[in-house]
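Just below is one structure, and these are the notes that go with it.
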Amino acid sequence: MTQKIYRIGLISMFLLLTTIICGQPTTDNQQLAIEYFRNRDFEKALLLFEKLYGSNPSQVNYHYFFNCLIELKDYKKAERVVKQQAKADPNSKRYQVDLGFLYISSGDLVKGKKEYEDVIRNLPADRNLITEAASAFLVKREDDYAIRVYERGKVLLANSYPFHMELGDLYERNGIFEATLREYLSLLEVDVSNLNIIQARLQYSLMNDTGGKKADMLRTAILRRIRQSPDLLVFSELMLWFSVQKQDFELALIQAMALDRRLGENGNRVHGIAQLSMANQQYETAIKAHKYLIEKGEGSFYYLISRVDILNAEYLLLTSRIPADMVELKALETKYKEALNDLGRSRLTIQLMRNLAHLQAFMLYETENAIAILNAALILPGISQRDQAECKLELADILLYSGDVWESTLLYSQAEKTFPNEPIGHEAKFRNARLSFFIEEFEWARAQLDVLKAATSKLIANDAMALSLLIKDNMDQDSTYTALSYYARAELNSFRNRDDLAMNTLDSILALFPYHSIHDDVLMKKAEICVRKAKYNDAVVFLQKIVDDFAYDLLADKAMFRLGEVYQHYLNDHEKAMSYFKELLLQHPGSLYAAPARERFRQMRGDPI
């Protein structure tokens, strides 16, 4: 029954499209008849279409009339009608397809298939008539015969029009992906203008590629075409696109550099891969991309940009390795200084100055040097208000790190005042509220955080909500904040990289307040410090305790996500990581961590993202 309804729907869409294409206005009777047909009231539709066909044997009237007869099993009349129509248009093959369909519908399968075979055997060498015959089979859901029509058409037209797109779509619809690739890639060999269309169709095909088989087939097929036709750049373009889809940025960079060299481009593709690599934390690939752009020389469009960005990539790469290598960090500091000596200290290199200050203060413990760099940056000629605000935020963090609370809050406030309704202003307000939390001014901090819950930046709004809830949920029964005060001190010590003192303070909370609601926050903080100190197994213990003992509290979903991250990135147990991401999706589908957990789960499973 479902197939029958589907068939009627296909016929209806086809006939309506025919009406539009032919430009034939519908009469009131025709509209009424079509409505009867859609409602499967075929007897009433037949009465009207028989009269309509008698006065105007148009394609639309014929097809509705014919299909009404088929549905009502009046096969003899249907045969007379279709033969009459074929006699009026002997070149068309659609009526012979209708005749075969009629015989099959009546139960004469042999006779019906004979008509279908005869259509293919007697196809004319005419592209339009070939397409018409294939379309007639498609309306009848005879995809195999439609494929044979197109394949026969290739031969008849001596490949002057090989129907690659039509065949590719049909093979895809029937799950024959290898043949789909053959047709799509063959089309690109003769017409590169279809690249965007082919990419869109392949992307759709890869969406449901759960086991990754289609992706493997596509990669192999593209590489084979590159070897067979090395002069056709379109396959290198396709491989670049495919590599990005699979987030294989290393391979994407190879293709981008090859295309850049062959086409004599300005490095735009390579820079794009560098940016994508950075966004996906593929810092080594980003570094290679920037090195390539720098080697193009000082006259290159991206030379200055890459001199700045490569150092940022190297910094993020080094700091992502826990614990960071101090020798490598010192070497990076030297590179920063050399770059600033080469390029000068100006508004164009202010990002270098800001990054160097962060490196010196938070990684190399050279706070005085860092403060001096930022103070110099703030008085550079031509510095923009935004760059000035970003330097003030960095300087405020460093001053807070070194213990100068009041100068920090002044700088945060200045940055917020300059950009009160923009993300950078919201960030300044959040850091100022966090500072108030550090120094145990909880009510003031919470008031500022509650304002930030409506911030345009989702990240800032989420952070503000989390800190506000931490304050609200951990107020003591007498409306004091004794346990929270200990916790705030631990947070400040952690911010200032005094991890041992932070851990001792957190242990004190567990001992002094054995039944306090803040325990899950304490465990989460201890886990974060353990990760930073490369004590991953200890971090797992703390996170698992949150999952086990605080399953219905606010941090359970975050703990699951962090467990997945630890197993994925540090303990190299992808099976365990996937189990936590999956459990998060099942237990906390509405969590803020659900979307990133789903993405990571799919990446590890090999799904196209």
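The values are calculated or read from the model by the stated rules, or taken from the named source; none is laboratory data. Because the structure is predicted, anything quoted here is derived from the model rather than measured. Every residue, glycine as well, gets a Cβ built from its backbone with ideal geometry; the counts of neighbours run over all protein chains shown. Ligands, DNA and RNA are stripped out before the accessible areas are found, and what is left, the full protein with its side chains, is counted by its heavy atoms. Shrake-Rupley method; radii C 1.70, N 1.55, O 1.52, S 1.80 Å.
Give the residue list of chymotrypsin sites (Phe, Trp or Tyr not before Pro) in region 357-403 that are DSSP loop and have at most 14 other beta-carbon atoms within 10 angstrom.
Those satisfying the criteria are Tyr365.
Using alpha carbons only, how many angstrom separate the centre of region 167-215 from the centre of region 439-518?
Each part reduced to its Cα centre gives a spacing of 53 Å.
Helix-only estimate, please: 222 nm mean residue ellipticity of the chain, summing -39500 (n - 2.57) across DSSP H runs of length 4 or more and dividing by its residues, to the nearest 500.
After summing the helix terms and dividing by the residues of the chain, the value is -24500 deg cm²/dmol.
Which sequence of Trp241, Trp444 reflects their accessible areas, 1.4 Å probe, from the largest down?
Per-residue accessible area, sorted high to low, gives Trp444, Trp241.
Need one value: the accessible area of Ser92 in square angstrom, 1.4 angstrom probe, rounded to the nearest 10.
Spelled out: Ser92, probe radius 1.4 Å, area about 10 Å².
Enumerate the whole-percent occupancy of each 5 Å bin, from 0 to the last occupied one, for all C-alpha pair distances of region 431-575.
Going from the shortest bin to the longest, the percentages are 2, 10, 18, 20, 22, 17, 8, 3, 1, 0.
Please report the relative contact order for region 367-506, taking Cα pairs under 8 Å with a sequence separation of at least 6, and give it as a percent rounded to a whole number.
Once normalised by length, the contact order is 15 percent.
In Å², and per residue, what accessible area does the chain have when probed at 1.4 Å with the other protein chains present?
Per-residue accessible area for the chain comes out at 50 Å².
Given labels modelled 7 Å from the Cα in the Cβ direction, how far is it in nm from Asp476 to Ile176?
A separation of 7.8 nm, rounded to one decimal place.
Please compute the modelled spin-label separation between Lys111 and Asp500, points set 7 Å along Cα→Cβ, answer in nm with one decimal.
Once both label points are built, they end up 9.7 nm from each other.
Per-residue HN-Hα couplings for region 550-566, Karplus 6.51 cos²θ - 1.76 cosθ + 1.60 at θ = phi - 60°, whole Hz, x for Gly and Pro?
10, 4, 9, 9, 5, 9, 4, 5, 5, 4, 4, 5, 5, 4, x, 4, 4
Which label belongs to the value computed from this structure, given these candidates for volume of the Cα convex hull per residue in Å³: (1) 149; (2) 233; (3) 219?
Answer label, from the structure shown: (2).
Go through region 214-229 residue by residue and turn each phi into a ³J(HN,Hα) via Karplus (6.51, -1.76, 1.60, θ = phi - 60°); whole Hz please, and just put x for glycine and proline.
These are the phi-based 3J(HN,Hα) values: 5, 4, 5, 5, 5, 4, 4, 5, 5, 4, 5, 5, 4, 5, 6, 10 Hz.
Protein chains only, probe 1.4 Å: how do Ile294, Ile70 rank by accessible area, largest first?
Ranked from most to least accessible, the order is Ile294, Ile70.
Taking only C-alpha pairs under 8 Å that are 6+ residues apart, what is the relative contact order of the chain in percent?
It rounds to 6 percent for the chain.
How big is region 50-178 by Rg and Dmax over its Cα atoms, in Å?
Cα-based Rg and Dmax for region 50-178 come out at 15.3, 50 Å.
Roll a 1.4 Å probe over the protein heavy atoms and report the accessible area of Arg127 in Å², nearest 10.
110
What ranking of Tyr204, Tyr515, Tyr481 comes out by heavy-atom accessible area, probe 1.4 Å, highest first?
Accessible-area ranking of Tyr204, Tyr515, Tyr481, largest first: Tyr515, Tyr204, Tyr481.
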